[in-house]
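The structure appears below as structure tokens.
Values quoted throughout were computed directly from the atomic coordinates according to the rules given, and no laboratory measurement underlies them. In this text the structure is predicted, and so the values were computed from the model without any measurement. Cβ sites come from the backbone with ideal geometry, for glycine too, and all protein chains shown count toward neighbours.
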Amino acid sequence: MGAPEPAASLPDGGPAIEVNDLTVAYREQPVLWDIDLEVRPGALTAIVGPNGAGKTTLIQSILGLVRPAAGRVRILDRTIQEARSEVAYVPQRGTVDWDFPTSVLDVVLMGTYREVGWFRRPGRPERIRAVRALEKVGMEAYQDRQIRQLSGGQQQRVFLARALVQEARIYLMDEPFQGVDARTETAIVEVLRELRDRGDTVVAVHHALQTVPEYFDDVVILNVRRIASGPVSEVFTEDNLRVAYGGRVPFLQAVSDAPVADLPES
Amino acid sequence: MSGLDFEIQLLAVVVSVACALPGVFLVLRRMALLSDAISHSILLGIVLAFFWVQDLNSPILILAAAATGLLMVAMVEALHATRRVKEDAAIALVFPALFSLAVLLISRYAGNVHLDVDAVLLGEIAFAPFRRLEVGGHDLGPRSLWMMGGILALNLLFLMAFYKELKVSTFDAGLAAAMGFSPVLIQYAFMGLVSVTAVGAFDAVGSILVVALMIAPPASARLLTDRLPLMIGLSALLAAVSAVSGFWIARGLDASIAGSMATAAGLVFLLSMLLAPDRGVVASLLRRRRQKVSFARLMLTIHLLNHEHSPAAAEENRLGHLSAHLRWSPDFARQVADRAERDGFLDRGEGDRLHLTPLGREAARHFMTR
């Protein structure tokens, strides 16, 4: 990746992502209901909530992949179409076919396709950047591997590298820690912190509530409606979680004494 | 070989390769059966366009056919979107509707023209060389060779121009959409291409066998390689091989050329499935066999280690005892012992006594303390 972006390139005081009155419905059933949200630039933000809370839909609405019934989304005070080059997306690992006949380097190169544009192919400069992105996630030794030979944690790191190679300023990730081993989790957290420290914005759907305070600065608690959002220290409270999870909060039972790092992955 | 034979084979190769190229992405997108649906529903377009222009050689027929192919895809998606049927059922409902309408129209109104049901189902590649393309009195070769050649060129161009878009939208439609490549647009462009290809191939091999030419070579190539460019190249190669061998099978059996081409493509798949280096049946049997012997070798060293210094060692650590103790056949026991000896894990003593070497002891201990 290039030199750190100067913080001054961010719009002064403006949010990285601004969501107003967003409502998304599938077949007249609201999946997201009247969401208002501001994502702080240069922070790591978690989206948490029970299954069916609309976490993935929120990410996809921000990306413009889902057509909302109402509301609007602004990215760095622009529409998503205008801001595509600023946004990198890491879908859930399980949404793609890992038996697809391609190599690790090739998957990372897909991250460059947008800027390469129609009709052209990535060349040497893109390859060099892809290898560097793989180095960041500790996967450079695997660049010629076929992707079907990767473990779950390795797949997730390849996905992360593919986002890094886009050199975006906003990273939207759908469950980047899902099904990865402890070592990979640490490696991913480190990369996310590095992104934040250069002023980039990371929003990640996250399942393991017990690691939210350790990994993230801000949190959005979601269950069709926005229950709360803001700094973890202020809004990540038992009360808010109870509202979202309906009284039974897995985290509140699990967190009693186990040290965070030893908790089983979800 | 006569010029006629050569032209038929050339046409067979061009048709097969033109079908195999989009077939690669049909296989990867898990849409193999949609090609069958398309190849049937385009008939309706051909029939309707024929009624309109009254000329079987008009390019309008190709366009109309491609349009019905797309219409079929859109109808399947619309029906599926109602959530009243699953996608496979939607396909099975839509294409027979369009196809049967076409068959009805042909049998009712077009009984006297070349559009007869046999030709529709099985094609007539053997007659293709008789329809010549003549420009200003010069014979330029079979008409369908020119048409299929054009379609092959179109497929090649499309694949080269949109290779990375096809690849990313096939592998990860979400990412493709997030990057601003419309997966829906790519999907319909690709389906249009499949339809056009099916129209061309239809003339030569009929609507039923198109699916064999589109799917069998890529499905074989998929087993032979894990690299997409190689898979595309191999698909084209296997398609050409199937076409030529199909022709000669037909010649030998005095049977339908289209049927023989599809049969040859099926045989190529069968061979690939058996003999593919990594994913083939033989390779995986061998791999399992190797694993079985090497696991047995480990069991043997552990058994020997356990009884090494016991009073019963003289009895236990004999080759002849293994079949009783480890439930191995005497043959298998000998094979495992031979393998272990070759690997330096044990020595043969007097009689059929087996003694662990330090290396064998090390291996057994290493496994047990793991």
Study note, to complete from the structure: Given B:195-206, B:64-75, A:135-146, the highest-first ranking by average Cβ count within 10 Å works out to B:195-206, B:64-75, A:135-146
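From the Cα gyration tensor of the range B:282-368, with a ≥ b ≥ c the square roots of its eigenvalues, which class applies: rounded if a/c is under 1.5, or else prolate if a/b is larger than b/c, or else oblate? Don't jump to the answer; show the numbers that get you there.
Values: a/c = 1.93, a/b = 1.47, b/c = 1.32.
Since a/c reaches 1.5 and a/b is larger than b/c, the shape of the range B:282-368 is classed as prolate.
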Revision key, fill the gap. A correct fewest-to-most ranking of B:Leu234, B:Leu253 by other Cβ atoms within 10 Å would be B:Leu253, B:Leu234
Check your understanding: Just how large is the dipole of the protein assembly as shown about the Cα centre, in debye to the nearest 20, putting +1 at every Lys and Arg Cβ and -1 at every Asp and Glu Cβ?
Key -> 960 debye
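Rounded to the nearest 0.05, what FRET efficiency do B:Glu341 and B:Val281 have when you use their Cβ-Cβ distance and R0 = 30 Å?
0.45
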Practice item. For B:His355 and B:Leu33, compute 0.36 nm times the residue count separating them, minus their Cα-Cα distance, and round to one decimal in nm. Key: 109.9 nm
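Going from the alpha-carbon gyration tensor of the range B:3-279, what semi-axes, largest first and in whole Å, does one get by taking the root of 5 times each eigenvalue?
Values: eigenvalues 156, 122, 63 Å².
Square roots of five times the eigenvalues give 28, 25, 18 Å.
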Study note, to complete from the structure: dims of the protein assembly as shown, Cα set, principal axes, largest to smallest, nearest Å -> 89, 88, 48
Exercise for review: Give me the orientation-averaged projected area of the Cα convex hull of the range A:15-136, in nm², one decimal.
Suggested key: 9.7 nm²
**Study point:** Between the range A:81-120 and the range A:165-199, the Cα center-to-center distance that results, in Å
**Key:** 16 Å
Check your understanding: If you find the alpha carbon centre of the range B:7-28 and of the range B:327-370, how far apart are they in angstrom?
Key -> 55 Å
Review point. Just for the protein assembly as shown, what percent of DSSP beta bridges are antiparallel, to the closest 5?
Key: 60 percent
**Study point:** Gain on full stretching of the segment that runs from A:Asp21 to A:Asn51 - 0.36 nm per residue minus C-alpha separation
**Key:** 8.6 nm
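Below 12 angstrom from the Cβ of A:Gly64, what's the summed charge of the other residues (Lys, Arg +1; Asp, Glu -1)? Spell out each step's value before the answer.
Details: positive: A:Arg67, A:Arg72, A:Arg74, A:Arg78, A:Arg84; negative: A:Glu82.
After counting each charged neighbour, the total is +4.
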Study note, to complete from the structure: In whole angstrom, the spacing between the Cα centers of the range B:233-301 and the range B:35-54 equals 35 Å
Review point. In nm, to one decimal, how far is the B:Lys292 label point from the A:Asp34 one, both placed 7 Å along Cα→Cβ?
Key: 6.8 nm
Practice item. Using a Förster distance of 41 angstrom, determine the FRET efficiency expected from the C-beta separation of A:Glu238 and A:Thr186, and round it to 0.05. Key: 0.90
Revision key, fill the gap. Rounded to whole Å, √(5λ) for the Cα gyration tensor eigenvalues of the range B:119-241, largest first, gives 31, 17, 14
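When you look at the Cβ of every residue in B:157-165, what mean number of other chain Cβ atoms sits within 10 Å? Please report the intermediate quantities before stating the final value.
Details: counts 0, 0, 0, 2, 3, 2, 2, 12, 3.
That average works out to 3.
Evaluate the relative contact order of chain B (contact order divided by residue number), counting alpha-carbon pairs under 8 angstrom at least 6 apart; express in whole percent.
Details: 508 pairs, mean separation 72.8, N = 370.
Relative contact order of chain B: 20 percent.
Could you give the length gained on full extension between B:Ser329 and B:Ala97, defined as 0.36 nm per residue of separation minus the Cα-Cα distance, in nm? All intermediate terms of the calculation are to be shown ahead of the outcome.
Details: separation 232, 0.36 × 232 = 83.52 nm, distance 6.05 nm.
Fully extending the segment from B:Ser329 to B:Ala97 adds 77.5 nm.
Evaluate the relative contact order of the range A:33-88 (contact order divided by residue number), counting alpha-carbon pairs under 8 angstrom at least 6 apart; express in whole percent.
Values: 20 pairs, mean separation 10.8, N = 56.
Relative contact order, the range A:33-88: 19 percent.
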Review point. Once the Cβ-Cβ distance between B:Val135 and A:Arg120 is put in as r, and R0 is 60 Å, what FRET efficiency do you end up with, to the nearest 0.05?
Key: 0.95
Practice item. May I have the pair-distance distribution P(r) for chain A, computed from all Cα-Cα distances with 10 Å bins from 0 and rounded to whole percent? Key: 7, 29, 36, 23, 5, 0
